[in-house]
Amino acid sequence: MKKIYFTPGPSQLYFTAEEHIKNALKESVPSISHRSKAYESIHQAAVESIKQLLQLPEGYHVLFTGSATEIWERTIQNLVSYESFHFVNGSFSGRFHEIAENYQINAITKKVAEGQVVKPEEVLIPESTELISITQNETSTGAAQPLEDIKTIRSAFEKPIISLDVVSSAPYIPLDYSLVDTAYFSVQKCFGLPAGLGVWIVNEKCIAKSEEKMNKNKIIGSYHSLPSMIEKSVKNQTSETPNVLGIYLLGKVANDMLTKGIEQIRRETEYKAAVLYQAFEECGQLSPFIKEEKYRSKTTLVAETKCDSSEVINLLSQKGIVLGSGYGKFKKEHIRIANFPTHSKESVELIADELVRNFK
Ligand SMILES: *Cc1c(COP(=O)(O)O)cnc(C)c1O
């Protein structure tokens, strides 16, 4: 039986991905030179589709890396000399903070328990902070930072760079990107593509900051320093031989999403999330891990399980559905369900039925 992956990354491929992969092979996409005109047009098409899909404002650039993890490191290298401030509420937000600490800067954190979000009114951010890092959707717990909070933080802190992790929420999340200076994602989550490509969005303020750091003779990295990445990207190129197939597929899938319509994708995501949360509420064996509704993620849904989570996972697996286990220490106590654009309403309804039928 062919399985459908509801794991929160890697996940089920976008439903058009297979056809695009076949076409890419027919067109020898993996063999073309990354210095050719053919590559430049693939690169440009991907950048244009992402800009349109996310409705990026003027002056925002789209850059390609190997992963979102790489972007954490590049962010610290390029945009921070002394001090960063991290909203930490789970494993992914915590990992970025650790990477900042590896750079021996003053990496400050406001940390709350897993399942919560850091509330803007509860943080004290020093004047000296150069960068504020927020994780919009903490995939390890299923907690989502409301978009009003991003607005509140932006209006309270004009000067520091605001960096937003949208790895497991873009393009669903209707974010006004002008509220942040940099945002990033990788393609194996909501975009439903093979892993190995990170997308880094930066504005002019980020570029100026990295140049300022460089001009003070500080290290900002080499081939993936922001100035080198920008220098190449204006020519629709990259410093290294990039993941050409991944960039090709991203352009194609982003374009398919534009054809479908981002509003339609958002409506479907909200419907499917409502169906699953309703099922969690109806099951005596399950309950939503995030107690307050306004902090519940619509793209990565987490339920606490009274039984060992493997019982739930094994049962659904017999129906050809692969759910995610809890993250890290929650492995046995949680299930995690990805609700990405490729996941159909019918398959989500099937999961909800099975949960209600078997874990009432
Ligand atoms: C998956 C994930 C990452 C890391 O992405 P990689 O592509 O594995 O580097 C970072 N942040 C969040 C919120 C994630 O879900």
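None of the figures in this text is laboratory data; all of them are computed from the coordinates on show. What you see is a predicted model, and the numbers here were worked out from it, not measured in a lab. Virtual Cβ from ideal backbone geometry, glycine too; neighbours counted across all protein chains shown.
Comparing 38, 46, 279 in a Gaussian network model of the chain where C-alpha atoms under 10 Å apart are linked, the largest mean-square fluctuation is found at 38.
Measuring how big the range 90-209 is from its alpha-carbon positions, Rg and Dmax come out at 14.0, 41 Å. 3J(HN,Hα) along the range 39-48, derived from phi through the Karplus expression 6.51 cos²θ - 1.76 cosθ + 1.60 where θ = phi - 60°, amounts to 5, 4, 6, 5, 4, 5, 4, 5, 4, 5 Hz, with x in place of Gly and Pro. Across the range 17-259, Cα pairs under 8 Å and at least six residues apart give a relative contact order of 29 percent. Treating each Cα of the range 73-126 as an identical point scatterer and ignoring solvent, apply the Debye formula and state log10 I(q)/I(0) at q = 0.12, 0.28 Å⁻¹. The computed values of log10 I(q)/I(0) come out as -0.26, -1.11.
Given the range 99-148, what whole percent of its Cα pairs are spread farther than 11 Å?
The answer is 75 percent, as a whole percent.
For the Cα trace of the range 1-144, dividing Rg by the Kirkwood Rh returns an Rg/Rh value of 1.05. About its Cα centre, the dipole of the range 232-302 is roughly 320 debye, where the only charges are +1 on Lys and Arg Cβ and -1 on Asp and Glu Cβ.
Of the peptides 123-135, 254-266, the order by per-residue mean of other Cβ atoms within 10 Å, starting with the highest, comes out as 123-135, 254-266.
Derived scalar couplings between HN and Hα for the range 321-330 equal 10, 9, 9, x, 7, x, 8, x, 5, 8 Hz in order, rounded to whole Hz, by the Karplus curve 6.51 cos²θ - 1.76 cosθ + 1.60 (θ = phi - 60°), x for Gly and Pro. Each of residue 36 and residue 263 was given a label point 7 Å from its Cα along the Cα-to-Cβ line. The distance between the two points is 4.0 nm. Is the shape of the range 255-310 rounded, prolate or oblate, going by the alpha carbon gyration tensor and its root eigenvalues a ≥ b ≥ c, with a/c under 1.5 for rounded and a/b larger than b/c for prolate? Here the range 255-310 falls in the prolate category. With just the Cα atoms defining each centre, how far is the range 174-215 from the range 107-136? Give it in Å. After rounding, the separation between the Cα centres reads 19 Å. Cα centroid separation, the range 337-352 to the range 1-40: 22 Å.
Ranked by the mean number of other Cβ atoms within 10 Å of their residues, highest first, the peptides 151-162, 193-204 fall in the order 193-204, 151-162.
Taking 340, 280, 330 in turn, the Gaussian network model of the chain (Cα-Cα springs below 10 Å) assigns the largest fluctuation to 330. For the chain, a Gaussian network of Cα nodes joined below 10 Å ranks 88, 118, 167 by mean-square fluctuation, and the top entry is 118. Magnitude of the charge dipole for the range 17-259, about its Cα centre and with charges confined to Cβ atoms of Lys, Arg (+1) and Asp, Glu (-1), is about 520 debye.
When the convex hull of the C-alpha atoms of the chain is computed, what volume per residue in Å³ does it have? Cα convex hull per residue, to the nearest whole number: 127 Å³. Taking amide H as placed 1.01 Å from N in the peptide plane, residue 321 has its amide H under 5 Å from the amide H of 4, each at least 5 places away in sequence or on another chain. What the Cα atoms of the range 163-241 give is an Rg and a Dmax of 14.0, 41 Å.
Note down the net charge around residue 353, summing +1 for each Lys or Arg and -1 for each Asp or Glu among other residues with Cβ under 14 Å from its Cβ.
Result for the local shell: +1.
Remark on residue 63: its backbone amide H falls under 5 Å from those of 200, 201, 202, a criterion applied only to residues 5 or more positions apart or on other chains, H modelled at 1.01 Å from N.
The HN-Hα couplings worked out from phi for the range 115-128 by the Karplus form 6.51 cos²θ - 1.76 cosθ + 1.60 (θ = phi - 60°) are x, 9, 10, 6, 8, x, 6, 9, 9, 10, 9, x, 3, 7 Hz, whole numbers, x standing for Gly and Pro.
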